[in-house]
Amino acid sequence: MKRRQLLRAGVAGVVSGGFTVQGGPAYGLAEDSRYPERPIRILLGFPPGGSTDGPMRVLAANASKTLGQPIVIENKPGAAGVLPAQLLQSSRPDGYTLAVIPQSVFRLPYTTDINWNPADLAYILGLTGYVFGIVVPSSSPIKTMADYIAYAKAHPGELTYSTPGSLTTNHLTMEQISQTAGIRLTHVPYKGTSESLQALLGGHVLSAAETGGWQTYVESGKLRLLAVWGEKRMPRFPNVPTLKECGIDIVQSSPWGLAAPKGTPAPIIARLHATFKQAMAQDNFRDALKPYDMEPTYMSPDQYRRFAISAMEREKAVLESIRYRKNSG
């Protein structure tokens, strides 16, 4: 069936499994029953390794067994993880191209010239959220968050920190921290968590603001964790304070999940939702998240869509708070 015919077929959504799927045009019953007939690809905006890629490969393998087709992870790193969401806009809405959607996608209208809004995606489900922290080498004279701020005040602009990319949640939250604490830091972006942490371990930067990946280095004594960004302390590191406990009133977890191109038929969204919901309930997915101290955090398609709308409002407020101007860097 041609795309033009598909677009004419439109339906607003179907009720399946107790929720309303906000899908697009429906295929014929025969085509619905045959889906999927070939491999599915999931676009992921970060390089192999790290707290997004690893768990997603486990989840994809789980879902592949249910769907009876390979699910291939295609890494598209750079641009704060938003390339997959942009690529979805030019992908056929047939259920064969999906993407991991990080929170950075919801700031696209404010950081780029892309005219984008949450309605440009068909949401499948929310999966989890990140654990953030600021780490330094164990040999660093900086022992606490108070030391970190004091060092930055004494050496304006000399305290460097790495992140997985410019305009990522890591980067913008550090800008908020800098503003709140009255300090000036120097941001050094990399293409992903693995590169960022290797830069820190190699002595190329003085600190890192990262989403997991640092846990094993902290436990082995190579890195020191100064503060975590969640509402509560991490059970694995109960002696490490939150930002709020350090006098910085900021909480960050950055939920993420899966989406398809706008206009993907509602029955296909329903099939994908049911499959990935089952896949994320399996023990091996929870085990894949555990090294990063992440947990499955389910959102239905409608919950995820509503989260996207509210996230855009929050992202705009964050960018305004740090006086970010589009095209100003």
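The values are calculated or read from the model by the stated rules, or taken from the named source; none is laboratory data. On a predicted model such as this, the values are computed, not experimentally measured, just so you know. As a convention, Cβ positions derive from the backbone with ideal geometry for all residues, glycine included, and neighbour counts pool all protein chains shown.
Here is the figure for segment 117-157: residues that are touching a residue at least 24 places away in the same chain (Cβ under 8 Å) and in a loop (DSSP other than H, G, I, E, B) total 10. Considering segment 264-295, the residues that are surrounded by 19 or more Cβ atoms within 10 Å (Cβ to Cβ) and in a loop (DSSP other than H, G, I, E, B) include one that is farthest from the chain's Cα centre (by Cα), namely Thr264.
Of all residues in segment 187-200, none are touching a helix residue (DSSP H, G or I) at 6+ places or on another chain (Cβ under 7 Å), buried (at least 19 other Cβ atoms within 10 Å of the Cβ), over 25 Å from Asn75 (Cα atoms) and among the β-branched types (Val, Ile, Thr).
Table: residues versus (1) free of Cβ contacts under 8 Å to residues at least 60 places away in the same chain; (2) under 22 Å from Asp120 (Cβ atoms).
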position	(1), (2)
Leu59	no, no
Ser64	yes, no
Gly78	no, yes
Val82	yes, yes
Ser90	yes, yes
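Hey, can you tell me all the residues within segment 166-177 that are of a type in the set (S, T, N, Q), outside any helix (DSSP H, G or I) and either surrounded by 23 or more Cβ atoms within 10 Å (Cβ to Cβ) or modelled with pLDDT of 90 or more (or both)? Matches in segment 166-177: Thr168 only.
Only residues that are outside any strand (DSSP E or B), surrounded by fewer than 23 Cβ atoms within 10 Å (Cβ to Cβ) and at pLDDT 95 or above were counted in segment 216-232, giving 6. Selection of segment 178-205 for residues being in a loop (DSSP other than H, G, I, E, B) and aliphatic (A, V, I, L, M) yields Ile183, Leu185, Val205. Counting just the residues of segment 114-152 that are of a type in the set (Gly, Ala, Ser) and modelled with pLDDT under 95, which one comes out farthest from Gly212 (Cα to Cα)? So, considering only residues that are of a type in the set (Gly, Ala, Ser) and modelled with pLDDT under 95, the one farthest from Gly212 (Cα to Cα) is Ala119. Scanning segment 96-128 for residues that are surrounded by fewer than 22 Cβ atoms within 10 Å (Cβ to Cβ) and more than 22 Å from Ser253 (Cα to Cα) yields Tyr96, Thr97, Thr112, Asp113, Ile114, Asn115, Trp116, Ala119, Asp120.
Among residues of segment 83-95 being part of a loop (DSSP other than H, G, I, E, B) and modelled with pLDDT of 90 or more, the one that is surrounded by the fewest Cβ atoms within 10 Å (Cβ to Cβ) is Ser90. Among the residues examined, Ile269 does not qualify as under 24 Å from Trp229 (Cα atoms), in contact (Cβ under 8 Å) with a residue 60 or more places away in the chain and among the aliphatic types (A, V, I, L, M).
Show me the helices (runs of 4 or more DSSP H) found entirely inside segment 1-82 where at least 3 residues are at pLDDT 50 or above and either at negative phi or small (Gly, Ala, Ser) (or both). Can you show your working first?
Values: elements: 3-8, 29-34, 50-67.
Where helices (runs of 4 or more DSSP H) fall fully within segment 1-82 and carry at least 3 residues being at pLDDT 50 or above and either at negative phi or small (Gly, Ala, Ser) (or both), they are 29-34, 50-67.
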